Amino acid sequence: MTSLIFNPRFDRRKLLKGAAALGALQVASPFIIQARGETPIKIGMVDPLTGVYAAPAGNEVMGAKLAIEQINAKGGMLGRQVELLVEDSANDVGTGVQKARKLIERDQVNFIIGDVNSGIAAAIAQVTAEKRILHIVSGGHTDSITGKDCKWNVFRVCNTTRMEANSVSNVLFTKYGKKWHFITPDYAFGHTLYDACTDDLKKLGGTVTGNELTPLGTTDFSAYLIKARAANPDVLILLVQGSDMINCLKQVVQFGLNKQIHVAGTQQELESLAALPPEARVGVWMFEWYWKQPGVPGVEKFVADIRKVNNGNVPTARHWFGYTSAMSFALVANKEKTTDAVKLAAALEDFELPDDVKLQPNKVYYRKGDHQLMTSAFVGEAQSKGKDDPEDLYRVDEVVPGDKTAPAVSETGCTIQWPA
Amino acid sequence: MMTQLLLFNVTNGLIIGAFYVLMALGLSLILNLSNVINFAHGGFLVIGGYIAYTITPYIGFWGALLLAPPLTAIIGLAVERVLIRPLYGRDPLYSLLLTFGLAFMIEDGTRFIWGPQGKPVTIPAFLAQPLSNDLFFITGYRLFMVVVVMIAVALLFLLLRYTRLGVRIRAGTLDLETVAALGINVGMLRSLNFAVGIFLAGLSGVLAAGQLGLEPTMGTGLLMPSFIAIIVGGIGSLPGTLIGGLLIGVASGVTAVFFPAASEAVIYVMMAVILLTRPRGLFGEEGMMS
């Protein structure tokens, strides 16, 4: 057997077929490029389309695609058409880096968007900085990306974990009590989010009754929940995300814990609430963007546009992340009339998003100093069933502007080094 | 306080373990008779869950519980016939690689059909609450799961002990060559055995869908503990698999009390210790995998 594996034998026919195919490829490929006419401007996107983050990643890509369509319909970027090249990071750092390199080196993209996974986003940022490509992190939240590891070419649309914690801490403390127990996912995102929450809690004068570090991908949370209840906290804070959030919240409700302890957390997503049965849609959270914003310009149109490509479903925050990331490139490039990464990065500093892109009431801009988008937090409560729409699963109580939730630039640990 | 916490977690561990037992028995059946390490078992669990999700609106939760496992088994039969049968008799590595690939295909297939977005599965309301305020972690549904597992295990052992098929499966596990020489259709035997294994995976899928979120990736997290249950219990021994599943459930439950971050790692440590001190597992027969 091994000899076959290590010494594959090609016969004459196979060799001929292979040669013919290769020949055809040589003729065919320039033809494809010619057919496109003028070379388009390329945006590369790396996101985990397979694995546990497939749902949010797919939605980010959908949002970016919508943006590209709209950009092209309005004449493209610098008069050229824009093309989106999507690669699957498979929720793996190595793969993500490899795909980013492929997009930059082989496909010659001008811009990069990605990744949902914080670890991959940070790793890709190393590559884009080295290759001098303007990069927007669409959905990876860990602080360091616009904190101690910030880079001149990297901007971020979604919130930092600090911003998430700051948006809800006060409400939870004053409304629900001062003894908090945490269920924290045991990786970078969870740790920074936990630190942010406990810092806030200490400032407010509360106490932590315990922290259950759960491995990513935990299916059964019962053991942690038994411990959490024994500690008798006022609030049970769930910091887990994705399928972990779904499993954990479902079990919390089955155990009836939500009737004894207040259940809350920081980041909650429509993807998670939609995957839960109605009785398990409980708790106080923050959304990073919400589709139901009566009277806010542009939102209704955006919702309608996404419904057309999303089986009639409404956009989630992830759609908005992808959309805003792609739109930011087009807006700034058309304003500056260049694709030069350094010039565009400088121009993006303190760049304010227009109404039809920001899609929220407050002022939204990329902050000079750490390149973090000052985007709002939608603080509110999950609701089991929407009144007018089955997808209205969240009640927004307050939209807190980004510069209220973000710590000052001096506290982020970010010092941007511009290329010489 | 501490004793109560410990007691709670032992009981809770047994409940979790019971679920692993159901998965692991299916895996174990297939491994014992056909020497196939079925990495796609978690995939079949997902298929079972999604079938239940799809048919529940028409025939209700109880109908889905009855119908989804046999439907999954039929899919399993087709897969066995087309993909796995040609690999019998070859090095187990072949079927391992095949089922490993199959697991990815099933995951992406479910994503393609049902979408990457998780699906909510609602269970009958009277099962969805705890039995008492103190023993809040024993919900009607979890108790129901344990009962279903007990019935399934009892039926499986009865099948293996008293039916012709069962006797042949057990005989085949010990010495397939002799069984074949006695004129028994080994191909058919393997197919039926595979179907029984996949039936259990489908049943696990329906049960899991009621308690966890239904997602294309949900099988992966449930598969590894089941493998470990087999190794700890001993390859070749179904009672061993049963004990192994319960043991790892309790071990991870108890670890969660003292050192929560290690509650997943502990089952791997257990496997390592068993492999070092008693390579055949607690109840395994020597030389099963040689």
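Going through (1) more than 27 Å from residue B:7 (Cα to Cα); (2) open to solvent by 10 Å² or more (accessible area, probe 1.4 Å) one by one, residue B:224 falls short only on (1).
If the condition is being open to solvent by 50 Å² or more (accessible area, probe 1.4 Å) and part of a helix (DSSP H, G or I), then the stretch B:266-289 contributes B:268, B:269, B:273, B:275, B:276, B:277. Just the residues that are of a type outside the set (Ser, Thr, Tyr), surrounded by fewer than 21 Cβ atoms within 10 Å (Cβ to Cβ) and either touching a strand residue (DSSP E or B) at 6+ places or on another chain (Cβ under 6 Å) or part of a helix (DSSP H, G or I) (or both), please, taken from the stretch B:17-69. Within the stretch B:17-69, B:55, B:57, B:59, B:60, B:61, B:62, B:63, B:65, B:66, B:67 qualify. Of the residues in the stretch B:103-117, at least one is closer than 24 Å to residue A:221 by Cβ and either in a loop (DSSP other than H, G, I, E, B) or away from every other protein chain (no Cβ under 14 Å) (or both).
Scanning the stretch A:143-175 for residues being at pLDDT 95 or above, of a type outside the set (S, T, N, Q) and more than 20 Å from residue A:195 (Cα to Cα) gives a total of 6. Flag: residue B:94 does not match the condition of being touching a strand residue (DSSP E or B) at 6+ places or on another chain (Cβ under 7 Å), within 14 Å of chain A (Cβ to nearest Cβ) and part of a helix (DSSP H, G or I). Scanning for something farther than 30 Å from residue B:218 by Cα and either within 23 Å of the chain's Cα centre (by Cα) or open to solvent by 70 Å² or more (accessible area, probe 1.4 Å) (or both), does the stretch B:142-159 turn up at least one residue? Within the stretch B:142-159, one or more residues are farther than 30 Å from residue B:218 by Cα and either within 23 Å of the chain's Cα centre (by Cα) or open to solvent by 70 Å² or more (accessible area, probe 1.4 Å) (or both). Would you check if there is a residue in the stretch A:117-124 being over 27 Å from residue A:410 (Cβ atoms), open to solvent by 10 Å² or more (accessible area, probe 1.4 Å) and in contact (Cβ under 8 Å) with a residue 24 or more places away in the chain? Within the stretch A:117-124 (the criterion being over 27 Å from residue A:410 (Cβ atoms), open to solvent by 10 Å² or more (accessible area, probe 1.4 Å) and in contact (Cβ under 8 Å) with a residue 24 or more places away in the chain), the answer is yes, since at least one residue qualifies.
Among the residues examined, residue A:58 does not qualify as within 17 Å of the chain's Cα centre (by Cα), in a loop (DSSP other than H, G, I, E, B) and of a type in the set (Gly, Ala, Ser). Screening residue A:384 on (1) of a type in the set (Gly, Ala, Ser); (2) open to solvent by 90 Å² or more (accessible area, probe 1.4 Å); (3) in a loop (DSSP other than H, G, I, E, B) shows it passes everything except condition (2).
When residues in the stretch A:272-313 are screened for being within 14 Å of chain B (Cβ to nearest Cβ), farther than 23 Å from residue A:53 by Cβ and aliphatic (A, V, I, L, M), 1 of them pass. Candidates A:217, A:177, A:206: the one that is more than 14 Å from every other protein chain (Cβ to nearest Cβ) and either in contact (Cβ under 8 Å) with a residue 60 or more places away in the chain or aromatic (Phe, Trp, Tyr) (or both) is A:177.
Out of all the residues in the stretch A:345-368, is one or more open to solvent by 20 Å² or more (accessible area, probe 1.4 Å), in contact (Cβ under 8 Å) with a residue 12 or more places away in the chain, more than 19 Å from residue A:266 (Cβ to Cβ) and in contact with a His (Cβ under 8 Å, 6 or more places away or on another chain)? Yes: the stretch A:345-368 contains one or more residues that are open to solvent by 20 Å² or more (accessible area, probe 1.4 Å), in contact (Cβ under 8 Å) with a residue 12 or more places away in the chain, more than 19 Å from residue A:266 (Cβ to Cβ) and in contact with a His (Cβ under 8 Å, 6 or more places away or on another chain).
Assess whether residue A:225 counts as being under 28 Å from residue B:220 (Cα atoms), crowded, with 23+ Cβ neighbours inside 10 Å, facing another protein chain (nearest Cβ under 8 Å) and touching a Phe, Trp or Tyr at 6+ places or on another chain (Cβ under 7 Å). Considered against the rule, which asks whether it is under 28 Å from residue B:220 (Cα atoms), crowded, with 23+ Cβ neighbours inside 10 Å, facing another protein chain (nearest Cβ under 8 Å) and touching a Phe, Trp or Tyr at 6+ places or on another chain (Cβ under 7 Å), residue A:225 comes out as yes.
Suppose we filter A:171, A:127, A:208 for residues that are surrounded by fewer than 23 Cβ atoms within 10 Å (Cβ to Cβ) and assigned by TED's automatic domain parsing to the domain that holds residue A:83; which single one remains?
A:127
Checked against the criterion of being touching a residue at least 12 places away in the same chain (Cβ under 8 Å), under 21 Å from the mean Cα position of the chain (by Cα) and within 30 Å of residue A:51 (Cα to Cα), the candidates B:274, B:243, B:267 yield just one match: B:267.
Only one of the listed residues (A:335, A:308, A:343) is closer than 24 Å to residue B:114 by Cα, assigned by TED's automatic domain parsing to the domain that holds residue A:360 and more than 19 Å from the chain's Cα centre (by Cα). That residue is A:308. Each residue in the stretch B:164-210 was checked for being open to solvent by 50 Å² or more (accessible area, probe 1.4 Å) and more than 25 Å from residue B:146 (Cα to Cα), and 14 pass. When residues of the stretch B:243-268 are filtered for being among the aliphatic types (A, V, I, L, M) and away from chain A (no Cβ under 14 Å), how many remain? Here the count works out to 3. Quick check: is even one residue across the stretch B:183-206 facing chain A (nearest Cβ under 10 Å) and within 14 Å of residue B:23 (Cα to Cα)? Looking for residues that are facing chain A (nearest Cβ under 10 Å) and within 14 Å of residue B:23 (Cα to Cα), one finds none in the stretch B:183-206, hence no. Looking across the stretch A:238-264, just one residue is more than 7 Å from chain B (Cβ to nearest Cβ) and modelled with pLDDT under 90, and that is A:242.
Of all residues in the stretch A:311-331, which are under 24 Å from residue A:382 (Cα atoms) and either among the aliphatic types (A, V, I, L, M) or not assigned by TED's automatic domain parsing to the domain that holds residue A:81 (or both)? Of everything in the stretch A:311-331, those that are under 24 Å from residue A:382 (Cα atoms) and either among the aliphatic types (A, V, I, L, M) or not assigned by TED's automatic domain parsing to the domain that holds residue A:81 (or both) turn out to be A:314, A:317.
Apart from one condition, residue B:240 fits all of (1) within 14 Å of another protein chain (Cβ to nearest Cβ); (2) surrounded by 24 or more Cβ atoms within 10 Å (Cβ to Cβ); the exception is (1).
The values are calculated or read from the model by the stated rules, or taken from the named source; none is laboratory data. This one's a predicted model, so the numbers in the text were calculated from it and none came from an experiment. Backbone-built Cβ (ideal geometry, glycine too); neighbour counts: all protein chains shown. Each accessible area value is taken on the protein alone, full model and side chains, heavy atoms only, with ligands, DNA and RNA left out. Shrake-Rupley method; radii C 1.70, N 1.55, O 1.52, S 1.80 Å.
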